[in-house]
Amino acid sequence: MNSRKLLSETQRTFPATKVQCQQPSRILIVDVTSPSWANTCSVLSEALENTLCLACALAGPCRVPLLSVYVVQSQQECLLPFTPVRESFPRVQACLSELRSLPREGSFPAGPRGAARAAQDALQQFKQHSRHSAHGALEITILTSQPSKEMVKQLENKLKDVDLMSLRRIQVIEVLKRDFLEPEAMEQCGPAEEPGGSDIAILGMDIDVQTVEGNVISLEMLFKTWLHDYGTEREHLHLLLPSGAFSHTTAPKPTLMCLKCDLQERLLDPALLSGVADGTMRAADVNSPCQMAAWPATVLYKLRVVKALKAEGVCESVLYGLPFLIRPTSCWQLDWDELEINQHSFHALCHSLLKRKWMLLAKREPQNTSPNWNSVVDSYYIIVPSNSATLLLKAVAIRELLLPSTFPALVTEHPEQVHGPVESALNSLEVEVAYNPLHLKSNLYKYLKSVLYKPLQRQQAQPRDQRPERHQPKQHQSRAKATVAPLLMAPPPLQAFRPAAARRDSCERSLLPKEDDEFLQ
């Protein structure tokens with residue numbers, strides 16, 4: 001809490017520059033000095049390529065505006081100067097090919113100093129790049145198999161005299177040294193958003209220390225956090241509840257309790273990927289009365305709770321649209337005491353809803369209250385609690401959208417010649433306790449890569465043993481690349497019917513972030 005408060009005070013003192021793209025640029029530093037690099041190389045490359053092909057294909061505002069990749073051997077080397085990811089997928093693939101070609105025998109001397117030097121060099125590269133274009137914030141992710149505590153000490157020593165005004169966060173990700181497991185053989189994996197994380201406050205900011213399993217799915221989920229909107233400039237949602245008659249006066253005041261929350265996507269909208277082939281698909285209209293968007297968070301939504309509903313009385317056939325997660329806000333512009341009270345109130349609401357087995361029916365307040373509007377279309381949402389410290393938000397059908405349907409009673413008696421084959425077919429099915437989407441693949445990554453890939457106009461990436469000698473010292477090489485980065489950038493290439501409460505708790509508990517479960521425990 002104290003380290004986050006220090007970061008909050010720092011951001012108040014030096015507010016971030018308002019730019020069109022609020023997403024931070026990314027620097028990925030890969031430490032290849034570990035003997036386990038032979039196993040890590042293939043899974044890391046696949047996970048990174050999968051995430052970046054999504055980032056390139058998603059319509060709407062860019063989620064990873066700039067990316068730079070460093071590798072740390074005996075010295076650091078910049079494989080990819082700052083590059084706009086959406087416009088340069090062939091360059092990203094060339095960088096990944098070069099990463100895969102690195103020696104895998106783990107013969108490089110181990111130690112965290114190289115990663116600290118790479119972070120220092122990357123900050124200098126970003127500073128030079130920012131002189132030519134407006135890119136506000138920066139985040140650094142360091143992947144290593146070395147002990148994270150020593151890495152943090154080296155970062156503190158190397159960066160103590162460096163200007164960190166543009167740096168939002170440093171992540172030190174320790175990849176666990178375990179045997180590689182195929183996704184199909186994994187009963188459970190750790191795709192949590194902050195697996196085993198802790199914050200260490202140095203240099204007036206947070207260093208996020210995490211551990212992650214050394215497999216494709218876990219690393220992929222780590223990189224997919226880049227696709228979230230973690231902007232803390234403002235809250236996304238005001239959840240308005242009746243305050244109740246807590247006052248000692250005879251007539252309670254008609255006031256509302258306001259919980260300030262953030263929205264987070266649970267799923268990527270498949271419609272945002274439909275325009276990959278023809279380029280005609282645009283992002284959903286967030287101003288539509290029946291639409292809400294968690295990304296980008298440019299609109300402050302207000303939901304007024306109008307009723308409580310028994311959980312068993314909600315039919316899931318009337319819920320539609322993409323689900324959103326509601327969390328207590330982390331907006332840094334709020335006072336620290338207000339943030340803390342708001343968080344406790346949110347957790348109390350989640351606990352009370354679970355205890356009562358209630359859901360909430362909420363109406364969206366209109367964004368435009370201008371008198372020019374003769375009528376306003378209301379939209380309604382269901383708010384569902386779970387065992388984690390989050391609420392699930394889904395749109396619910398209204399009278400005008402509902403189509404007539406009849407549900408005939410289920411026949412209890414049926415011929416044996418029909419019952420027997422059906423029972424036999426069901427008995428042959430494999431039974432799982434809960435649905436796990438990590439066990440299903442649709443070849444989406446393969447499709448996106450084939451659509452996005454176009455050969456580079458210039459020389460293709462060569463294997464390391466076929467490249468000409470690099471006479472320039474590696475210490476200065478990455479900075480030289482950063483200086484000419486703008487010149488090197490290639491031109492842009494061309495619900496099924498069932499009770500809503502059934503098995504929800506077990507499924508959400510297994511898929512929602514781990515830190516929420518730990519908080520409640």
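Within segment 208-229, name every residue whose backbone N is under 18 Å away from a label modeled 7 Å from Cα of N436 along the Cβ vector.
So the set is 212-222.
Over the Cα atoms of segment 392-432, each weighted equally, I'd like the Debye log10 I(q)/I(0) at q = 0.19, 0.21, 0.32 Å⁻¹, rounded to two decimals.
Ignoring solvent entirely, the Cα scatterers give -0.78, -0.80, -1.10.
Full-extension gain between V162 and V376, please, as 0.36 nm times their residue separation minus the C-alpha to C-alpha distance.
This chain segment gains 71.7 nm when fully extended.
Taking 7 Å along the Cα-to-C-beta vector as the label spot, tell me the L429-E365 distance in nanometres, rounded to one decimal.
Placing both labels 7 Å beyond Cα along the Cβ direction yields 4.5 nm.
What do you get for GluC sites (Glu not before Pro) in segment 210-246 restricted to DSSP loop and a cutoff of at most 14 other Cβ within 10 Å of the site's Cβ?
Of the GluC sites (Glu not before Pro), the ones in loops of segment 210-246 whose Cβ has at most 14 other Cβ atoms within 10 Å are E233.
For E265 and Y453, calculate 0.36 nm times their separation in residues minus their Cα-Cα distance, and state this gained length in nm to one decimal.
65.0 nm
Distance in nm between label sites at T298 and V418, each 7 Å beyond Cα in the beta-carbon direction?
5.5
Past the 21 Å Cα-Cα mark, which pairs from K302/K355; K224/K449; K260/K363; K363/K394; K127/K158; K307/K357?
Distance filter (> 21 Å) returns K302/K355.
Quick note: the coordinates plus some simple rules give every number you see, no bench work behind them. None of the values given here were measured: they were computed from a predicted structure. Glycine also receives a Cβ, built like all others from the backbone with ideal geometry; neighbour counts cover every protein chain displayed.
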